[in-house]
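**Q** Handing you a structure now.
Every read-out reported here was derived from the displayed coordinates using simple, explicitly stated rules and does not represent laboratory data. Computed from a predicted model, the values in this text were never measured in an experiment. Reconstructed Cβ throughout: ideal geometry from the backbone, glycine too, with neighbour counts over all protein chains shown.
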Amino acid sequence: MKAAVLVFPGSNCDRDLAVAFEAAGADVEMVWHKDTKLPDGVDIVGVPGGFSYGDYLRCGAIAANSPITHELKSHADRGGYVIGICNGFQILTETGLLPGALLRNAGLKYICKHVPLKVETSASAFTEGYNAGDVLSIPIAHHEGNYFADDETIKRLSGEDRVAFTYTENPNGAKADIAGILSENRRVLGMMPHPERAADVGHGGTDGTALFRALMGAMTPA
Amino acid sequence: MKARVHVMLKTGVLDPQGEAVRHALGALGFDGVNGVRQGKVIELDLAEDASEADVTQMCEKLLANTVIESYQVEMLS
């Protein structure tokens, strides 16, 4: 399996994500935001966390209009897999690949800690290594992680089993406790918590490992 | 040609920053502040033939996220 990790100015989880992909058995290529082409034969594109473009204007807004992001959209439109974590999730909502938006945390503070994270569905390449109902310990590190969408969208997401993860102790005011969601074809995942920071014993937890492992086994060609 | 764009969180979208400012005003003794909403103002210096429709396009594509924000365009000469 071949993975590409996008790198924007201000990305800071790009290498962590690459290490997690590699540990799960993927060949990884880093792709700079000014590149206009993804490597041939890429199965999954990782959009990493960080502060792309210094979070100027809105988190993810500038990255959503970067040259490589147009390629990312075509990749997703072709049925390719995409995972966006933290700032990557914000970028995916800004591009419209996922619905909703991430607002400032309701408590106004930047939160950096492990949180209990409930797996809501195992029906995706990302989550089939877990059982629905499993509660994982995964770190969050964000200031704008408060998921917002109108009531109709929230209803549709839950009706279509597209809520991948929820918080059991909502840390940021996210609507319906949502921590991660899937696209309609279930091949694009956006989540605020960082599974790549819980993917090695040195991290103090390995609950994120199963996500990357399952992904490598479960992806089917676009 | 100059334009000024006002971007605000939509009504109904929680504005925790505005709320924090409201609390701070109360703590300073300013009574009767029932609500504070915080937004942003973006000033654009444009070519002479730029139209309001151009600026609206800019808002739709980049300056505002219409999922959570509303915007108002003010054309200045």
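**Q** I need A:Glu169, A:Glu29 ordered by Cβ neighbour count within 10 Å, fewest first. It would help to have the intermediate numbers written out before the result.
**A** Working: A:Glu169 8, A:Glu29 14.
The most exposed by this proxy come first: A:Glu169, A:Glu29.
**Q** I would also like to ask the following. For A:Ala176 paired with B:Asp31, estimate the spin-label separation in nm (one decimal), with each label point 7 Å from Cα along the Cα-to-Cβ line.
**A** Placing both labels 7 Å along Cα→Cβ, they lie 4.4 nm apart.
**Q** While we're on this one: Under a Cβ-only charge scheme (Lys and Arg +1, Asp and Glu -1), can you give me the dipole magnitude of the protein assembly as shown about the Cα centre, in debye to the nearest 20? Kindly include the intermediate steps, with their values, before the conclusion.
**A** Details: 26 positive and 39 negative charges, 81 e Å.
With Lys and Arg at +1 and Asp and Glu at -1, about 400 debye.
**Q** Put +1 on the Cβ of every Lys and Arg and -1 on every Asp and Glu Cβ in chain A; which of A:Gly10, A:Gly129, A:Ile85 then has its Cα farthest towards the positive end of the dipole?
**A** Highest projection toward the positive end goes to A:Gly10.
**Q** Counting only other chains, what is the mean number of Cβ atoms within 10 angstrom of the Cβ of each residue in peptide A:150-160?
**A** Numbers: counts 5, 1, 0, 1, 0, 0, 0, 0, 0, 0, 0.
For this peptide, the per-residue mean of nearby foreign Cβ atoms is 1.
**Q** Now, a different point. How far is the Cα center of region A:59-92 from the Cα center of region B:5-49, in Å?
**A** 29
**Q** Here is the link list: A:Lys109/B:Lys40; A:Lys155/B:Lys10; B:Lys2/B:Lys61; A:Lys37/B:Lys2. Which ones come out longer than 30 Å on Cα distance? Present the calculation step by step, with values, prior to reporting the outcome.
**A** Values: A:Lys109/B:Lys40 20 Å; A:Lys155/B:Lys10 20 Å; B:Lys2/B:Lys61 19 Å; A:Lys37/B:Lys2 36 Å.
Beyond 30 Å: A:Lys37/B:Lys2.
**Q** With 10 angstrom as the radius, rank A:Ile154, A:Ile178 by how many other C-beta atoms surround their C-beta, starting from the fewest.
**A** Details: A:Ile154 19, A:Ile178 25.
With the fewest neighbours first, A:Ile154, A:Ile178 line up as A:Ile154, A:Ile178.
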